[in-house]
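Report on one structure; see the data block that follows.
The values are calculated or read from the model by the stated rules, or taken from the named source; none is laboratory data. These figures come from a predicted structure and were not determined experimentally. Using ideal geometry, Cβ is built from the backbone for each residue, glycine included, and neighbour counts are taken over all protein chains shown. Heads up: the accessible areas ignore ligands, DNA and RNA and are worked out on the full protein's heavy atoms, side chains in. Shrake-Rupley method; radii C 1.70, N 1.55, O 1.52, S 1.80 Å.
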Amino acid sequence: MARILIAEDEPRITEFLEKGLRAAGYSTVTVDDGEIAASLARDDDFDLLILDLGLPSLDGIDVLARIRKRGERIPVIVLTARSEVHDTVAGLEAGADDYVTKPFRFEELLARVRVRLRSEGNEEQTVLRVGDVSLDVRTRRASVGERTVELTAREYSLLETFLRHPDQVLSREQLLSIVWGYDFDPGSNVVEVYVGYLRKKLGNGVVETVRNMGYRLPAA
């Protein structure tokens, strides 16, 4: 299991990233301070660093400079609310491998995480399978038995989340955070709507409703 260090000082974004990355099968550690991030970001301990540029005590650019000067080769994806070109260039010149500008969709970040981890030689499970339902994360192709199912981007993300947590009850709040992002509307019924879409495409018994708790994809 790939280990990811998240250096971010906004609690809501940190929680959003942690939930989403764990749902995608990664192990995470979070910090909200630049000095701590610089000390922890070592090749022997982590496979990837997600780094906010606006950290307290030590700016993200300085964190990058420090770990690269120390000789660490850990891939770094920068998160920044700064849209100016010079900030992006500064991050890349300091040793970042990629960047994502806030606000962002989790699917975009996850795709970049997977690219960086693959380039470092980390193997990733490419076909998720529970019972008759399978999902190829490379081709984004879903199937039920021998039948191929066409999914929208959001339906794909929702199904992937269920498949990575077979038999686990996921609350609507968890699903909103993982699939729709940290700026979701907690009063929305969008989860119920998209679970309905999946049932129509995959079969009514594929996703179960657990009353007053959430939804579950049975393992058998």
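Mind checking whether some residue in the range 33-49 is of a type in the set (V, I, T), under 30 Å from Q174 (Cα atoms) and under 21 Å from the mean Cα position of the chain (by Cα)?
Looking for residues that are of a type in the set (V, I, T), under 30 Å from Q174 (Cα atoms) and under 21 Å from the mean Cα position of the chain (by Cα), one finds none in the range 33-49, hence no.
Suppose we keep only residues that are surrounded by fewer than 14 Cβ atoms within 10 Å (Cβ to Cβ) and of a type in the set (D, E, K, R) within the range 93-112. Which one would you say is modelled with the lowest pLDDT?
E93
Residues in the range 168-191 that are surrounded by 13 or more Cβ atoms within 10 Å (Cβ to Cβ), of a type outside the set (A, V, I, L, M) and either at pLDDT 90 or above or over 15 Å from I13 (Cα atoms) (or both): how many?
Selection size over the range 168-191: 3.
Across the range 10-63, what is the total count of residues that are open to solvent by 30 Å² or more (accessible area, probe 1.4 Å), part of a helix (DSSP H, G or I) and within 30 Å of T126 (Cα to Cα)?
Residues in the range 10-63 being open to solvent by 30 Å² or more (accessible area, probe 1.4 Å), part of a helix (DSSP H, G or I) and within 30 Å of T126 (Cα to Cα): 6 in total.
Could you please find all residues in the range 113-142 being open to solvent by less than 80 Å² (accessible area, probe 1.4 Å), at pLDDT 90 or above and out of contact with any strand residue (DSSP E or B) (no Cβ under 7 Å at 6 or more places or on another chain)?
Result: V130, G131.
Going residue by residue through the range 156-167, is there one that turns out to be exposed (fewer than 13 other Cβ atoms within 10 Å of the Cβ) and either at negative phi or at pLDDT 90 or above (or both)?
Yes, the conditions are met somewhere in the range 156-167.
Can you name every residue in the range 64-76 that is farther than 20 Å from L21 by Cα and assigned to a loop (DSSP other than H, G, I, E, B)?
Selection gives R70, G71, E72, R73.
Would you mind finding the one in I36, I6 that is under 16 Å from F104 (Cα atoms) and in contact with a strand residue (DSSP E or B) (Cβ under 9 Å, 6 or more places away or on another chain)?
I6
So which pairs qualify, if the first residue must be in the range 9-28 and closer than 19 Å to P103 by Cβ, the second must be hydroxyl-bearing (S, T, Y) and modelled with pLDDT under 90, the Cβ gap must be under 8 Å, and the two must be at least 6 apart or on different chains?
Cβ pairs passing all conditions: R12/Y182; I13/Y182; E15/S177; E15/Y182; F16/S177; F16/Y182; K19/S177; G20/S177.
Just checking, which of L163, L158 is closer than 15 Å to R22 by Cα and touching a strand residue (DSSP E or B) at 6+ places or on another chain (Cβ under 7 Å)?
Only one candidate passes the filter, namely L163.
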